[in-house]
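In what follows, a structure is listed as structure tokens, so that the remarks can point back to it.
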Amino acid sequence: LTSVTIPDSVTSIGGSAFRGCTSLTSVTILDSVTTIGDYAFSGCTSLTSVTIPDSVTSIEGSAFAYCESLTSVTIPDSVTSIGNDAFFSCDSLTSVTIPDSVTTIGNSAFQYCESLTSVTIPDSVTEIGVQAFYYCSSLTSVTIGDSVTMIGDVAFQGCSSLISVYCKATTPPALGSYVFDYNDYGRKIYVPMESVEAYKSAQGWNEYADAIEGYNF
């Protein structure tokens, strides 16, 4: 099986539906589908492109994990949650578009996406899960939207090329352990001008106080 078109009679792609189809290179999903289930395309190691339609509201856990040839993903405005491990170890993924509809980025959602260079987390997102971008070693820049209230443990740990973090929230989000450890040596964390001292004194953030600077968003 090298390509597949999901017809408009289908409303849900079930768990593990195409798991381990290693010769599958492209998938077209028509507008009737609302859910892409757990492990639906996990281990499709030749998958280079996928079209996710505007009808999809949820990308479940590990849906595209280990799709190591996938280079870019556009997540439509209908999606509200990106599940745990959704794009785990998609190590050819260079770009991802996260729309303003998403509120939660799950644990390890983009862990080991080693080719991802930059990411913008929209203002709609309130929570970034544990290890969400763990060891994304090519990631140089991250923008975190102003509605984020929680960033999980080691979310950006091991992002060894990460030099610029822009956190737009005026109130410092709750910060897990070791979130920004093992980044680029010169990494800076830019926060709203009026919030610099609040960040420098907040629990967790105070460990990175020397790197925190004010920024006019």
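The values are calculated or read from the model by the stated rules, or taken from the named source; none is laboratory data. This is a predicted model, so every value here is computed, not measured. Virtual Cβ from ideal backbone geometry, glycine too; neighbours counted across all protein chains shown. Each accessible area value is taken on the protein alone, full model and side chains, heavy atoms only, with ligands, DNA and RNA left out. Shrake-Rupley method; radii C 1.70, N 1.55, O 1.52, S 1.80 Å.
Structure summary
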quantity	calculated
Listing of strands (runs of 3 or more DSSP E) fully contained in the range 103-217 that carry 1 or more residues being modelled with pLDDT of 95 or more and either open to solvent by 40 Å² or more (accessible area, probe 1.4 Å) or more than 28 Å from Tyr66 (Cα to Cα) (or both)	118-121, 164-167, 188-192, 212-215
Any pair with Cβ under 7 angstrom, 6 or more apart, that starts in the range 190-217 at a residue that is within 13 Å of Ala169 (Cα to Cα) and ends at one that is in a helix (DSSP H, G or I) and aliphatic (A, V, I, L, M)	Gly214/Met193; Gly214/Val196; Tyr215/Met193; Asn216/Met193
Residue among Ile128, Ile75, Ile144, Ile121 that alone is under 16 Å from Val56 (Cα atoms) and within 13 Å of the chain's Cα centre (by Cα)	Ile75
Test: residue in the range 44-58 that is modelled with pLDDT of 95 or more and within 14 Å of the chain's Cα centre (by Cα)	no
Criterion: over 18 Å from Thr117 (Cα atoms) and touching a Pro at 6+ places or on another chain (Cβ under 9 Å) - qualifying residue of Asp153, Asp146	Asp146
